[in-house]
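A short worksheet on the structure shown next.
Every read-out reported here was derived from the displayed coordinates using simple, explicitly stated rules and does not represent laboratory data. The structure displayed is predicted, hence computed values, not measured ones. Positions of Cβ are generated from backbone atoms using ideal geometry, with glycine treated the same way; all protein chains shown enter the neighbour counts.
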Amino acid sequence: MPAEIIDGKQIAEEIRGKLREEIEHLRQVYGIVPGLCTVLVGDNPASVSYVTAKNRACQELGMNSFHHHLPADTSAEYLLGLIGELNATAEIHGILVQLPLPPQIDERKILEAINPMKDVDGFHPVNVGRLMIGEEVFPPCTPAGIRELILRSGTPLEGAEVVVVGRSNIVGKPIAMMLVQKRPDGNATVTICHTRTRDLGAHTRRADILIVAAGHPRAVTGEMIKPGATVIDVGVNRVGTTESGKAKLVGDVDFASACRVAGKITPVPGGVGPMTIAMLLANTVKAAKLARGLPV
Ligand code: NAP
């Protein structure tokens, strides 16, 4: 039987629906309108489209969205000054600096300048540390989306063998750290694989839940998957164009062969991608509530 598809688009829509209600409640009862400010430096087309999608999503939910689009030759000093202003602006609850930044700007310095309580991307070392010690405040958005997909697909996490392919700071390491925590949405046994892993297939074939964030098409194929496993494909790889001229996207998992073996699988597009923005919105609403001292 082919694998059941985990529909990230549908799940993200459900989450956005709930957030819309929560935002309306915050507005009516407390007069709070959650606000996200995005900062884009330069004109990288992928970054422009990500930022546009994030701002549009805020507006659709009735949130405030602010945006600063700076030239590619912006200095680190200028950007640091702007972040200082955004940190001090009460109606901005979340700040998102779109990465990558141009080479003259040290990304780490910029991310560390964001007030951790406005760090809705979850990249500030304080929030990374909180996640590590089990005191999560703002989980990074893509890993948070992955966890949500696993939970909502009905895949049990407790005691599950989870294998993560990829050890980046934005996906591989944080999702591994989240799923190993001693809490109901964790409690898994987690293995992290990377390019120095000996015999990748020996690890992936043990996985009840296989999360692939390698950044290469076909990094995982059907014969590397345990029958019945839940497979979360994080990869987004552009491989030419479709008939309508749009970029053709594939994941890191060979979907056709994986579908014949896996129990459940996320598609690309329409799996993890839509969840990332939904989680960003959720973090921003959380930031607005925390700023007012409301329970979250
Ligand atoms: P990254 O920083 O390039 O990291 C890739 C990781 O995968 C590295 O740790 C690398 O190992 C490992 N790796 C690469 N090829 C491998 C192989 N054949 N076997 C085992 N490990 C391998 O990538 P990333 O930022 O984590 O992103 C991963 C993918 O997810 C990309 O396709 C990206 O576009 C996508 N992504 C999607 C979303 C979304 O919202 N849908 C968000 C973020 C990322 P080494 O450390 O040894 O080099």
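Miscellaneous remarks
- Database remark: amide H of VAL165 closer than 5 angstrom to the amide H of CYS193, ILE211, VAL212, ALA213 (H placed geometrically; neighbours at sequence offset of 5 or more, or on other chains; Pro and chain starts carry no H).
- Net length available on complete extension from ARG152 to LEU80 is 22.0 nm, with 0.36 nm assigned per residue and the Cα-Cα distance removed.
- Cut-off under 5 Å, modelled amide H: who pairs with LEU70 long-range: LEU40, VAL41, GLY42
- For segment 117-200, the spherically averaged projection of the C-alpha convex hull amounts to 5.6 nm².
- For the residue pairs LYS173/LYS248; LYS109/LYS286; LYS18/LYS246; LYS9/LYS118; LYS54/LYS246, the alpha carbons lie more than 22 Å apart in LYS173/LYS248; LYS109/LYS286; LYS18/LYS246; LYS9/LYS118.
- Equivalent ellipsoid semi-axes - Cα gyration tensor, segment 53-153, angstrom: 24, 18, 14
- Along segment 112-119 the Karplus relation, 6.51 cos²θ - 1.76 cosθ + 1.60 evaluated at θ = phi - 60°, assigns HN-Hα couplings of 6, 7, 6, 4, x, 7, 10, 7 Hz to successive residues, with x for each Gly and Pro.
- Size of electric dipole in segment 1-91: Cβ of Lys, Arg +1 and of Asp, Glu -1, about Cα centre, debye, nearest 20: 140
- One decimal place: the segment ASP199-VAL239 gains 11.7 nm when fully extended, by the rule 0.36 nm per residue minus the C-alpha distance.
- Since only MET117, GLN28, GLY201 are under comparison, the one whose Cα sits farthest along the positive direction of the charge dipole of the chain, derived from C-beta charges on Lys, Arg, Asp and Glu, is GLY201.
- Debye-sum result for segment 142-296 in log10 I(q)/I(0), which assumes one identical scatterer on each alpha carbon, at q = 0.10, 0.11, 0.18, 0.19 Å⁻¹: -0.36, -0.43, -1.05, -1.15
- All alpha carbon pair distances within segment 19-112 were sorted into 10 Å bins beginning at 0; the resulting P(r) in whole percents reads 15, 44, 29, 11, 1.
- Structure remark: mean-square fluctuation, Gaussian network model of the chain, C-alpha springs under 10 Å; the largest value among GLY251, GLY270, GLY81 belongs to GLY81.
- Relative contact order %, segment 1-160, counting alpha carbon pairs below 8 Å whose residues are six or more apart: 20
- Given R0 = 22 Å, the distance between the Cβ atoms of ILE133 and ARG206 translates into a calculated FRET efficiency of 0.20.
- Placing pseudo-labels 7 Å out from each Cα toward the beta carbon at SER49 and ARG20 gives an inter-label distance of 2.5 nm.
- Debye equation applied to the C-alpha atoms of segment 242-296, log10 I(q)/I(0) at 0.17, 0.27 Å⁻¹: -0.71, -1.04
- Separation of alpha-carbon centers, segment 233-296 and segment 48-90, rounded to whole Å: 22
- Rule-of-thumb Rg ratio for the chain [Cα; 2.2 N^0.38 Å; N residues]: 1.01
- Relative to the longest principal axis of the Cα atoms of the chain, helix 8-25 runs at roughly 30 degrees.
- Acute angle (nearest 10 degrees) that the helix 141-152 long axis makes with the longest principal axis of the chain, alpha-carbon atoms: 50
- Magnitude of the charge dipole for the chain, about its Cα centre and with charges confined to Cβ atoms of Lys, Arg (+1) and Asp, Glu (-1), is about 480 debye.
- Charge dipole (the chain, unit charges on Cβ, about Cα centre) - positive-most of ASN55, LEU294, LEU82: LEU294
- Nearest-ten-degree value, helix 45-60 long axis tilted from longest Cα axis of the chain: 70
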